[in-house]
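J.: Can you read through this structure? Questions will come right after.
The values are calculated or read from the model by the stated rules, or taken from the named source; none is laboratory data. Please read all numbers here as calculations on a predicted model, not as lab measurements. Virtual Cβ from ideal backbone geometry, glycine too; neighbours counted across all protein chains shown. Surface accessibility is based on the protein's heavy atoms, side chains included, excluding ligands, DNA and RNA. Shrake-Rupley method; radii C 1.70, N 1.55, O 1.52, S 1.80 Å.
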Amino acid sequence: MMRRFGMALLWLGLATAAHAAYDIDQLMTDLAGQKGGRARFVEKRHVALLDKPVQASGEMVYSPPDRLEKRTLLPKVETMVLDKDMLSMERDKRKLTINLQSRPEALAFVDSIRSTLAGNRKSLEQSDALTLQGESAQWVLTLVPSEPAIAALLQRITVTGSKSQVRHIEYLQVDGDRSEISIEPIEAQ
């Protein structure tokens, strides 16, 4: 009887240790192993001045480590491409290109998402305080800006996912406005 009780305690201890072993390093390793891919997205922007959220949907393509394309299909076609430090936007046959090096606040924000997708902890910790909750099957990573210029605009970014897949990103601005992006991977065919 004592032997069974001892084995049960040992098993419980091993299970607890395995559960506790999932940390930011393991999450970053999982994310870094992601080869990129395509996903569908639905974005809801909650703006204090509006009665209901503004919704958009489309597809995203991530090519590690630093290319992200977001093609909005509804309500209006719009394309945004982030390639290294260049952000290009196209809508209604108008095109705008911005070098993010000239906009450090925007670059820090973009790098938070790009570094999360790439599993680059070192880069994340240069501009954000990181907190992880959960386990591999269901995790929540919270990024709180540590740079005053960013913290004056953005309260936090919350990224949720499962294993190496990011499934949801929420941006909460200091003024209370927020944006939520739900992401559903598209299987390669």
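J.: In square nanometres and to one decimal, what's the mean projected area of the convex hull around the Cα atoms of the range 131-172? Please list the in-between numbers first.
T.: On the way: hull surface 11.5 nm².
Here the figure is 2.9 nm², rounded to one decimal.
J.: For a protection proxy built on the mean count of beta-carbon atoms within 10 angstrom, sort 23-36, 104-117 highest first, please. Let's see the in-between values first.
T.: Values: 23-36: 15.4, 104-117: 19.4.
Highest-to-lowest ranking by the protection proxy: 104-117, 23-36.
J.: From the phi of every residue in the range 91-107, what ³J(HN,Hα) in whole Hz does the Karplus formula 6.51 cos²θ - 1.76 cosθ + 1.60 yield, where θ is phi - 60° and glycine or proline is x?
T.: 7, 6, 6, 9, 10, 10, 10, 10, 7, 5, 4, 7, 10, x, 5, 5, 5
J.: Separate question: When the Kirkwood radius is taken over all Cα pairs of the range 91-145, what Stokes-Einstein diffusion coefficient follows at 4 °C and 1.567 mPa s, in µm²/s? Mind dumping the intermediate values first?
T.: Values: Rh = 13.0 Å.
D = 100 µm²/s.
J.: Next up: Taking a probe of 1.4 Å, how large is the accessible area per residue of the chain, in Å²?
T.: Working: 11980 Å² over 189 residues.
That works out to 63 Å² per residue.
J.: Provide the per-residue ³J(HN,Hα) series for the range 141-154, in order, calculated from phi with Karplus coefficients 6.51, -1.76, 1.60 and θ = phi - 60°, each as a whole number of Hz, with x at glycine and proline positions.
T.: 3J(HN,Hα) across the range 141-154, in whole Hz: 10, 10, 10, 10, x, 9, 7, x, 5, 7, 4, 6, 10, 10.
J.: Which three extents, in angstrom, do the Cα atoms of the chain have along their principal axes, listed largest first?
T.: 76, 44, 36
J.: Could you please state, rounded to a whole Å, how far the C-alpha centre of the range 152-188 is from the C-alpha centre of the range 37-89?
T.: 12 Å
J.: For the chain, what is the charge dipole size about the Cα centre, in debye to the nearest 20, if Lys and Arg each add +1 at the Cβ and Asp and Glu each add -1 at the Cβ?
T.: Working: 25 positive and 25 negative charges, 91 e Å.
With Lys and Arg at +1 and Asp and Glu at -1, about 440 debye.
J.: Rounded to a whole number, what % of the accessible area of the chain do carbon and sulfur atoms account for, probe 1.4 Å? If you can, show how the numbers build up before the last one.
T.: On the way: 6700 of 11980 Å².
Ligands and nucleic acids excluded, carbon and sulfur give 56 percent.
J.: Among ALA152, VAL166, SER182, whose Cα sits farthest toward the positive end of the charge dipole of the range 144-189 (+1 at Cβ of Lys/Arg, -1 at Cβ of Asp/Glu, about the Cα centre)?
T.: Result: VAL166, furthest along the dipole toward the positive end.
J.: Counting only the backbone N, which residues of the range 57-81 are under 15 Å from the spot 7 Å out from the Cα of LEU96 toward its beta-carbon?
T.: Of the residues in the range 57-81, 78-81 have backbone N under 15 Å from the label point off LEU96.
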